[in-house]
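For reference, the structure discussed in these notes is given below.
Every number here is computed from the coordinates shown, using simple stated rules; none is lab data. What you are looking at is a predicted structure, and each value in this text was computed from that prediction instead of being measured. Glycine gets a Cβ as well: all are built from the backbone with ideal geometry, and neighbour counts include every protein chain shown.
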Amino acid sequence: MTDTEAKEAKNAKEYEEGVKRCLAELPQGLTLVDLPQSRPGFRQFISSWFFVDGLGRRVVVDPGPASTVPLLLENLSSLTNGVDLVLVTHIHIDHSGGIGQFCARFPDAKVVAHPKGVRHLIEPGKLWRHSLDVLGDLVAMYGEPAPLDPARLLDGLPGVTVLETPGHAPHHVTYIVPFGDGRLFFAGESAGLSIPLPKPYFRPTTPPKFDGAAEQRTLRLLAEALQDGDTLCYAHWGAARDPLARLALAEQQLASWLSLASQMRDQPEEVVMERLLAEDPLLSGYAALPKDVKEREDIFIRNSVKGVLMCLEERKA
């Protein structure tokens, strides 16, 4: 075995150990369903969540893209014989694209989403075409969304607090649900991406059109709402039992990205990306990522940099 192969094997082992540790630390009764995609590296990337709340409702959060609805259904078959409620943090197709197909299997399921996003669930054609224009084949692997019957949508929701948390998207919300001795915070992408490694790897999820000022307000709002004993549930990926510390890291990282990008706004995205990888301590786990996951992150780090640069350009205008 060459040195390169040995390093890759070590990275893969530590990565898998981190994943197992993350899953083992979830509160009892909360299930993360991993929704890997067909492209290499797209594992432990998209989270769907299942739990039964204090009112006895069987709840799914973010059913994921159309391409992995069969996988989600297969995983749920050992957990439940029905679904009462589907919570959508935002309508990007990697999180909500499968909702039409998913709800077709559960005739009693009701859906909650931001009012600004529901039209794209009912008529997803425009969102699909826009997503293809922006990301092309990357989005095509998620599968084309099917429309959701508008009769499935709920206006009010007892037992669940809904916070508007724009920044990643204007239609982004966070759900707070009492659970056991604490609460579950389904924060979608408002707290960025987390990969459970020995060294930290956190990345802002700031794609075009990202709103930096709104995201900074969102992070402060979440920090004010969080309490000890709460669990922060990511859309990408896993959960954290130290939510206040995680939110502080996310706020710190976003501020540093905006600061650095403001000094390099005339530089190509690749140059800004290289600088961030060299200087951001919260990206220090990048070198320890398995090769396929690293290649995936190369795509999304660059896209996040693009979103930050576009945000700053719009501020200047």
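Quick notes
- What separates the Cα centres of the stretch 227-250 and the stretch 143-173 is a distance of 21 Å.
- Among 62, 298, a tally of other beta-carbon atoms within 10 Å of each Cβ gives an order, fewest to most, of 298, 62.
- Structure-based [θ]222 nm, the chain - -39500 (n - 2.57) summed over DSSP H runs of at least 4, per residue, nearest 500: -13000 deg cm²/dmol
- Arranged from fewest to most other beta-carbon atoms within 10 Å of their beta carbon, 93, 299 become 299, 93.
- For residue 155 and residue 223, the difference between the fully extended length at 0.36 nm per residue and the C-alpha to C-alpha distance is 21.9 nm.
- Along principal axes, Cα extents of the stretch 20-166, largest first, whole Å: 42, 37, 30
- For the stretch 74-119 and the stretch 7-69, distance of Cα centres in Å: 16 Å
- Working value for the chain: equivalent-ellipsoid semi-axes of 29, 23, 20 Å, each the square root of 5 times a Cα gyration tensor eigenvalue, largest first.
- Dividing the C-alpha radius of gyration of the stretch 1-81 by 2.2 N^0.38 Å, with N its residue count, gives 1.36.
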